[in-house]
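The values are calculated or read from the model by the stated rules, or taken from the named source; none is laboratory data. Keep in mind it's a predicted model, so treat the numbers as computed, not measured. All Cβ positions, even for glycine, are placed from backbone atoms using ideal geometry, and neighbour counts span all protein chains on display. Please note that ligands, DNA and RNA were not included when accessible areas were found on the heavy atoms of the full protein model with its side chains. Shrake-Rupley method; radii C 1.70, N 1.55, O 1.52, S 1.80 Å.
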Amino acid sequence: MSNLQTLRTALEHLKAGRFDQCAALCRPLLAADPNDVDARFFLGVCLGAGGQLDEAVEHLTTVIQTRPDHIDARRELARMLQAQGLALANEGQVDEAIGVFGKAVAADPANAAARANLGNALATEGQFEDSLAAITDALRLSPADIDINVNRAVTLLKAGRLPEGWAANEWRHKKPGREKLPPALMLPKLAHLGDLAGRTIVVYHEEGFGDTIQFLRYAQLLAEAGARIILWVPQELVRLMRGQAGIAEVLTGNVNLPPFDYHCPIISLPYVFDTTVETIPARNSYIQADAALVADWAARLPPGPRVGLVWAGEPRPHDPIAEALDRRRSLPFKMLLPLTVTPGMSFVSLQMGAARDQIANGVHDPMGGVKDFADTAAIIANLDAVISVDTAVAHLAGAMGKPVFLLDRYDNCWRWLHGRADSPWYPTLMIFRQTQMGEWLGPVTQAAETLEEFFPMAEGSDEGPDG
């Protein structure tokens, strides 16, 4: 078989997804002639498609060094570098990812995605000006790209530039499959609303449970201004939300909505209110647990002082990006052991899901009897503090005015802003953030020390966590 025929067969294997067969044909050609650009290009492409990114990048870089005008090689190299950078970023190697994304931009300056991902990585390191410059360049190349516009919104919000961030975040409505209510009835900005007395507004859950809990405060403000608020939420939130001030009606599931004047996804309410960092409506407590449930759960809990614990989020294996994020925000229960030996305290698990299986002796676990967030709120009402990773429980405890010790990942969510040990959203929340990606010992140690300051032992007491 001639070299040309071999390359044609290799291409057929590549198109059919038979990457090993493709590589097996290209390697002998390259061994016979290291200057065979076509064989090296094909080998680089099939290796990259098969997930062998490091070697693929080496081969494609060599092709470009030999043939600077090889446009296909530049395009493929940029694509491989993109994948390589994303893999590094997902594993927490952000500095390395920044360098790789920079190379991807250099390889293909017209690649908007490479510039956007460079911007995202820079934002993780708090380099917001450089980050926004890269994302702005990406938008010049692809101004209608929804994901890049939403990335810009997240960066602005994390940087504390809230008004710009809320406005940019409205791009998320353009994503396919979003809930569509009449656009003409979307709630306008508060400054344009006038008198709300007698107006009915449907406010609906959009993304995470924590978002609905965090931004419920705005629905309550609309009610205080005279509006009738209908809240449309998942079943897990129904009982909790039915007991909250300002909420006239709570709906769930696929329902026919009653007549309304306006509708608004709950994450858009800060935009409606033109919220800045300085004007965040931070109330010590705006969510209350049901009194009967509080009394019921009080009888099932150990003696105090009681501290709630949450160490893991929801894995979401169907979404690789979300799953990688969850790995970064969660930690194994065993890393909380320095906390659970704090003398004189009773520790209560608030952990749901598979991570419950990690609980060690000495930590009370009531979650088998929890039906929904109404029960969780009732348990929290009986606690003196909550220690949690970045989950909805941290938002719920903060919304109830409980002291919250947030164990936060290095690449923190925009909701907690950047470089802060406190939160303007929750006056009782303290942030203990990783100083290195994946390193939890520092935050856990800080939380343990702060816990002892909050609840100093009575002199001479030798009580353990079980009281």
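By the Cβ rule of 4.7 Å, the chain holds the following cysteines without a possible disulfide partner: C26, C264, C413. Each other residue within a Cβ distance under 11 Å of G48 adds +1 if Lys or Arg and -1 if Asp or Glu, for a net charge of -3.
Within the chain, which is the longest segment that contains none of the GluC sites (Glu not before Pro) sitting in a DSSP loop with at most 10 other Cβ atoms within 10 Å? Value returned for the longest uninterrupted segment is 1-277.
Bridgeable aspartates and glutamates around K334 (alpha carbons under 19 Å apart, same-chain partners fewer than 8 residues away excluded): E314, D326, D357, D365, D390, D408, E439, E449, D466.
With K and R counted +1 and D and E -1, the other residues having a Cβ less than 13 Å from that of A10 yield a net charge of +1. Calculated over the stretch 319-386, the projected area of the Cα convex hull averaged across directions stands at 5.6 nm².
A full extension of the chain between M335 and K371 corresponds to an added length of 10.2 nm, given 0.36 nm per residue minus the alpha carbon distance.
According to the Cα-based calculation, Rg over Rh for the stretch 83-123 is 0.93, with Rh computed by the Kirkwood formula. Computed over protein heavy atoms with a 1.4 Å probe, the carbon and sulfur contribution to the accessible area of the chain reaches 52%. Remark: the stretch 58-141 carries a charge dipole of roughly 320 debye about the Cα centre, counting +1 on each Lys and Arg Cβ and -1 on each Asp and Glu Cβ.
For the chain, the residue among V307, Q351, L383 whose Cα projects farthest onto the positive side of the dipole built from Cβ charges is Q351. Helix 441-454 and the longest principal axis of the Cα set of the chain meet at an angle near 10°.
Full extension of the chain segment joining E278 with A225 gains 17.0 nm, where the gain is 0.36 nm per residue of separation less the Cα-Cα distance.
Both radii were evaluated on the Cα set of the stretch 10-73; the Rg over Rh quotient, with Rh as the Kirkwood radius, amounts to 0.94.
Nearest-5 percent of antiparallel DSSP beta bridges in the stretch 315-467? The antiparallel proportion sits near 10 percent. Between A133 and A292, residue separation times 0.36 nm minus the direct Cα-Cα distance comes to 51.9 nm. A 1.4 Å probe run over the stretch 292-405, with the rest of the protein chains in place, finds 37 Å² accessible per residue.
When the alpha carbon gyration tensor of the stretch 208-363 is reduced to an equivalent ellipsoid, its three semi-axes come out at 33, 21, 17 angstrom, largest first. Computed from the C-alpha gyration tensor, the three semi-axes of the ellipsoid equivalent to the stretch 284-339 are 30, 18, 11 Å, from longest to shortest. Partners of K180 within straight-line reach, counting aspartates and glutamates whose Cα lies under 18 Å from its Cα and excluding those fewer than 8 residues away in the same chain: E170, E206, E207, D261.
The angle separating the long axis of helix 209-224 from the principal Cα axis of greatest extent in the chain is about 50 degrees. Against the chain, whose longest principal axis is taken from its Cα atoms, helix 53-66 shows a tilt of about 40°. Report, for the chain, the % of DSSP beta bridges that are antiparallel, rounded to 5. Among the beta bridges of the chain, antiparallel pairing accounts for roughly 5 percent. The Cα-based radius of gyration of the chain, divided by its Kirkwood radius, gives an Rg/Rh of 1.06. What the Kirkwood sum gives for the stretch 37-79 is a hydrodynamic radius of 9.6 Å, with every pair of different alpha carbons counted. Near P143: Cβ cut-off under 14 Å, other residues only, Lys/Arg at +1 and Asp/Glu at -1. The net charge is +1. Annotation: per residue accessible area for the stretch 1-101 equals 52 Å², rounded to a whole number [probe 1.4 Å, protein chains only].
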